[in-house]
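Where a number appears in this text, it was derived from the coordinates with a stated rule and is not lab data. All figures in this text were calculated on a predicted structure; none of them were measured in a lab. Ideal geometry is used to build each Cβ from the backbone, glycine not excepted, and the neighbour counts take in all protein chains shown.
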Amino acid sequence: MKEKLSFSPDKRTWSPSPLLGQIVLVTSLNEDGQSNVAPKSWLSMMAFEPPLLALGCNLAHWTAQNILCRQEFVVNVPGDELAEVVWRSQTLPHPRTVERIGLTPIPAQVVGPPLIEECKAHLECRLAQHLAFGAELVLLGQVVAASMDREAVEADDPYACLRLFTFLENDTYGVIEKGQRFRKKRSSGC
Ligand SMILES: Cc1cc2nc3c(=O)[nH]c(=O)nc-3n(C[C@H](O)[C@H](O)[C@H](O)COP(=O)(O)O)c2cc1C
């Protein structure tokens, strides 16, 4: 039998981490209508109908406050070429607009917060519900519109184009470099 080492349930201590969190840039709107950007990685789809995603966010963060107030946000999906910008962005003081982190805001299809042009895909969300656990919030967003760079949609391997990246542990990320498809096994019988 393989030896198993136990480790703490406290995620802050996980090294290596057994779970991944895709890195995204969430845009929301401040009270004065300016955009706010923050990197997030506690994010996953939760349901098909309605299309629901969950985002874990500290209640004190501008992102959480903006979403509770305006009920809308955009999940912008960067490729790993933006990794440095993403990490640096969290250290910039507020107000932290899209322009302030050196990227370009463009209008969303149906929600108020902007898309980030340099990101490759965008999920426009309306807040459906939220759950509070002490200082942390789980925000459930219904995806009401979505868009992606044509280049990625039409690429032979869209994943090689998207280069999605994921938080592993402190200052460490991983990159999806290509998509791998299962090859259907040929049945020998007929
Ligand atoms: C790669 C990365 C992933 C992060 N993921 C999260 C997250 O999922 N939830 C969260 O509350 N903070 C996360 N943070 C920290 C916030 O981005 C950071 O505290 C930021 O300044 C919050 O900005 P805001 O107050 O504008 O929301 C992450 C930071 C980085 C660099």
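The magnitude of the dipole of the range 14-135, with charges of +1 and -1 set on the Cβ of Lys/Arg and Asp/Glu and taken from the Cα centre, is near 260 debye. The peptide list 161-168, 14-21, put in order of mean Cβ contacts within 10 Å with the highest first, becomes 161-168, 14-21. By the scheme Lys and Arg +1, Asp and Glu -1, what is the net charge of all other residues having a beta-carbon under 12 Å from that of Ala64? In short, +1. Please name whichever of Ala83, Phe7, Pro95 sits farthest to the positive end of the charge dipole of the chain, dipole taken about the Cα centre and charges placed at Cβ: Lys and Arg +1, Asp and Glu -1. Value computed over the given set: Phe7. GluC sites (Glu not before Pro), restricted to the range 84-190: which are DSSP loop and have at most 16 other Cβ atoms within 10 Å? Passing sites in the range 84-190 are Glu117, Glu177.
Summary value for the range 126-190: 19 percent relative contact order, contacts being C-alpha pairs under 8 angstrom separated by 6+ residues.
Charged neighbours of Leu53, selected by a Cβ distance under 15 Å, balance to -1 (K, R count +1; D, E count -1). Where does the range 1-140 land on Rg/Rh, using Cα atoms and the Kirkwood Rh? Taking Rg over the Kirkwood Rh, I get 1.01.
When the charge dipole of the range 1-154 is built from unit charges on Cβ atoms (+1 for Lys and Arg, -1 for Asp and Glu) and taken about the Cα centre, the candidate among Ala60, Phe73, Asn30 whose Cα reaches farthest toward its positive end is Ala60. The slack between Thr104 and Ala60, meaning 0.36 nm per residue of separation minus the straight C-alpha distance, is 13.3 nm.
In plain terms, the chain from Phe133 to Gln180 could stretch by 13.2 nm, reckoned as 0.36 nm per residue minus the Cα-Cα distance. Considering only alpha-carbon pairs that sit under 8 angstrom and 6 or more positions apart, the relative contact order computed for the range 1-157 is 23 percent. A Förster distance of 25 Å, applied to the separation of the beta-carbon atoms of Leu20 and Glu49, puts the FRET efficiency at 0.50.
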